[in-house]
1. Please specify each residue of the range B:186-215 satisfying the condition of being more than 14 Å from chain A (Cβ to nearest Cβ) and in contact with a Lys or Arg (Cβ under 9 Å, 6 or more places away or on another chain).
2. Restricting attention to the range B:87-120, and to residues there that are β-branched (Val, Ile, Thr) and over 14 Å from B:ARG74 (Cα atoms), which single residue is surrounded by the most Cβ atoms within 10 Å (Cβ to Cβ)?
3. Return yes when B:LYS39 is over 23 Å from B:LYS76 (Cβ atoms), surrounded by fewer than 21 Cβ atoms within 10 Å (Cβ to Cβ) and over 16 Å from the mean Cα position of the chain (by Cα) and no when it is not.
4. Given the conditions (1) of a type in the set (Gly, Ala, Ser); (2) more than 23 Å from A:ALA271 (Cα to Cα); (3) away from chain A (no Cβ under 13 Å); (4) out of contact with any Ser or Thr (no Cβ under 8 Å at 6 or more places or on another chain), report the number of the one that B:ALA51 does not fulfil.
5. Before we move on, is B:GLU104 out of contact with any Ser or Thr (no Cβ under 9 Å at 6 or more places or on another chain), away from the ligand (no atom under 13 Å from the Cβ) and not small (Gly, Ala, Ser)?
6. Name the residue, out of A:GLU54, A:GLU38, A:GLU12, that is buried (at least 18 other Cβ atoms within 10 Å of the Cβ) and part of a strand (DSSP E or B).
7. Of all residues in the range A:203-215, which are under 16 Å from the mean Cα position of the chain (by Cα), within 10 Å of chain B (Cβ to nearest Cβ) and among the small types (Gly, Ala, Ser)?
8. Do any residues in the range A:268-280 that are in contact (Cβ under 8 Å) with a residue 24 or more places away in the chain have Cβ atoms under 6 Å from those of residues that are surrounded by 18 or more Cβ atoms within 10 Å (Cβ to Cβ), where the two are at least six apart or on different chains, and which pairs are they?
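The values are calculated or read from the model by the stated rules, or taken from the named source; none is laboratory data. Note that the coordinates shown come from a computational prediction; the quantities given were computed from them, not determined experimentally. So basically every Cβ, Gly included, is an ideal-geometry build from the backbone, and we count neighbours across all protein chains shown.
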Amino acid sequence: MVDVNKLEFGIETFGDIVANEDGSLKSAAESIRQIIHEGEIADKYGINVIGVGEHHRPDYSVSSPETVLAAIASVTKQIKLATAVTVLSSDDPVRVYERFATLDGLSNGRAQVMLGRGSFTESFPLFGYDLTDYDDLFNEKLSLYDMLRTEKAVTWSGKFRPSLKNQEVYPKTENGELETYIGIGGSPESIIRAVRFGYKVIIAIIGGQADRFKPYIDLYHKAAKQLNMPEYPIAVHSHGFIADNEDEALEVAFKNIKANFDRIGLTRGWAPMSREQFDHETQVGSFYVGTPEVVANRIARTIDLLDLGRFDLVYGAGNQTAAQRERMIELYATKVIPRVKEILKAKEAAK
Amino acid sequence: MTIKRVGILGAGKVGIVLAGLALDAGYEVRISGSGTVKKIDLIIKTLVPGAIASENRDVVENSDIILLAIPLSRYKNIDPQLLKGKLVIDAMNYWWETDGIREEVLEPDSTSSEQVQAYFKDTTIVKAFNHMGYHNLQEDARPKGNPKRKALFVTGDDHKAVDEVAHFVDTMGFDQVVHYNLADGIMTEPGSPLFGASLKYDELKHIIDHFNETEFGKQVAASQK
Ligand SMILES: NC(=O)c1ccc[n+]([C@@H]2O[C@H](COP(=O)([O-])OP(=O)(O)OC[C@H]3O[C@@H](n4cnc5c(N)ncnc54)[C@H](OP(=O)(O)O)[C@@H]3O)[C@@H](O)[C@H]2O)c1
């Protein structure tokens with residue numbers, strides 16, 4: 001059963017390039033600075049987490065999310081600082097630990113590691129990895145990261161990285177452990193893997209009805225019981241856009257989310273998104289688009305249905321203006337989140 | 001042949017969705033991954049209760065029709081002898097993100113299903129279920145006659161086998177647009193306007209019938225010259 005008082009709400013950005021009011025695009029540098037400002041706004045309004053993605057492409061501004069998070073740390077007090085996600089398979093777990101431990105230090109323990117594949121793969125050739133090794137890379141690097149996370153001397157050897165012999169890695173954190181999530185898509189095996197490591201799970205629901213993930217969440221809880229591992233409430237992230245006016249919200253979202261998905265689709269051979277698909281996603285699927293009331297109702301339904309502990313809304317897809325992005329964050333924090341809690345509390349009382 | 005028992009090789013995203021559809025259609029379902037039963041047992045029990053988690057050999061020996069739902073880069077890990085004499089649906093596509101570089105997986109001068117057929121030379125291959133995303137396969141299956149019913153492209157060289165598979169697709173919840181030419185599988189491969197699309201019969205048929213006029217169709221035609 002959802003514990004409304006413990007529910008967490010986050011926003012996440014992939015670092016999309018921000019648009020000027022006249023439709024021209026800002027530079028990557030300007031887009032990065034905009035994210036810092038948005039982190040500040042989110043913190044001011046009490047949003048629990050901000051997640052920043054890692055991409056190595058022209059259409060996204062952030063390849064080094066911890067640096068961006070460090071800047072956000074310096075202008076915020078409460079908000080947790082997460083990556084969405086860190087592509088562990090093409091990274092060095094020692095460096096991942098070091099960067100996050102540093103972020104954790106300078107933010108007073110607010111760093112949150114989210115490990116996963118991410119939705120792109122360009123980091124593989126960039127850092128000299130073979131995509132077909134994807135699973136082996138992730139498993140091996142996760143096993144090393146898991147040892148580093150104990151913050152004790154590590155002795156380890158594997159295929160993709162030089163061995164470590166009784167090696168201490170610094171700095172140590174004040175909490176003694178970095179909060180860590182595994183980000184997963186639709187693969188049941190990755191749920192089992194997250195359970196085996198005892199990490200929290202955040203599911204990326206980027207298309208289709210949230211309902212179809214219910215069995216996956218059952219799987220998580222069953223596997224945790226069977227393997228005698230800790231069970232945490234599941235987190236979900238999905239795309240969304242909120243505006244004061246329903247038509248405006250739909251129009252901006254259709255233009256931007258479609259542009260974003262179609263551009264990705266082009267490199268993957270997907271057909272472009274039709275209006276019918278988009279409407280389906282906003283009505284019963286996984287795009288949370290509309291006025292605060294509409295979006296709050298849909299988020300509340302998903303949280304209740306999947307028994308979630310956290311919901312992150314991915315914002316800024318495509319090329320939105322700073323005003324659109326900031327207004328959305330404000331509406332999410334001041335209208336949507338309180339309304340979601342209200343709906344869920346009423347539901348609880350009725351049970 | 002009446003199909004009663006369905007075997008699925010590949011217990012990933014697509015394999016599990018297909019297992020669920022086959023159970024709903026009333027078939028006896030067996031499914032395997034690349035490893036042991038133990039590795040997939042809990043997953044199968046939880047996500048598709050009623051399907052029998054097994055290993056490739058057992059799946060093949062105890063099924064009337066087999067679905068290949070593994071990454072394309074892995075099909076050569078299956079011994080062609082294992083599928084000898086079987087009716088097999090190829091639900092695979094070349095997908096660079098998991099399969100790696102195309103030249104290492106596929107010869108440049110033919111389509112993926114033709115190469116799968118050449119490898120499993122004593123097997124009857126029909127291509128189907130490959131062009132719709134797994135969550136659409138799961139959510140869009142509908143009984144015959146339902147106005148929201150979507151369609152799948154079914155193609156293969158063996159007339160009778162194609163008709164059998166088309167009937168099977170019908171029982172799984174989709175209309176069918178049928179061709180009798182395995183090489184036409186290219187019409188639904190990545191890059192095609194049909195890849196990742198979930199369309200009704202008329203829409204699917206229209207694009208198939210006018211494939212040569214699509215951007216992708218033109219590219220394919222140009223590369224065949
Ligand atoms: N994803 C889609 O929306 C979609 C839609 C239509 C068609 N397809 C096609 O369907 C195929 C599978 O895709 P997917 O997304 O389901 O991939 P996936 O989630 O990665 O699953 C692949 C499955 O195949 C298994 N496997 C690998 N080698 C095997 C072997 N030799 N014998 C038996 N099982 C084996 C894997 O098991 P292990 O983990 O044990 O290796 C895994 O269970 C691909 O060719 C894809 O192009 C995908």
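1. Of everything in the range B:186-215, those that are more than 14 Å from chain A (Cβ to nearest Cβ) and in contact with a Lys or Arg (Cβ under 9 Å, 6 or more places away or on another chain) turn out to be B:TYR201, B:ASN212.
2. It comes out as B:ILE89.
3. Criteria not met by B:LYS39.
4. It is condition (3) that B:ALA51 fails.
5. no
6. Being buried (at least 18 other Cβ atoms within 10 Å of the Cβ) and part of a strand (DSSP E or B) holds for just one of A:GLU54, A:GLU38, A:GLU12, which is A:GLU12.
7. Answer for the range A:203-215, where residues must be under 16 Å from the mean Cα position of the chain (by Cα), within 10 Å of chain B (Cβ to nearest Cβ) and among the small types (Gly, Ala, Ser): just A:GLY207.
8. Within 6 Å, the pairs are A:PHE278/A:PHE254.
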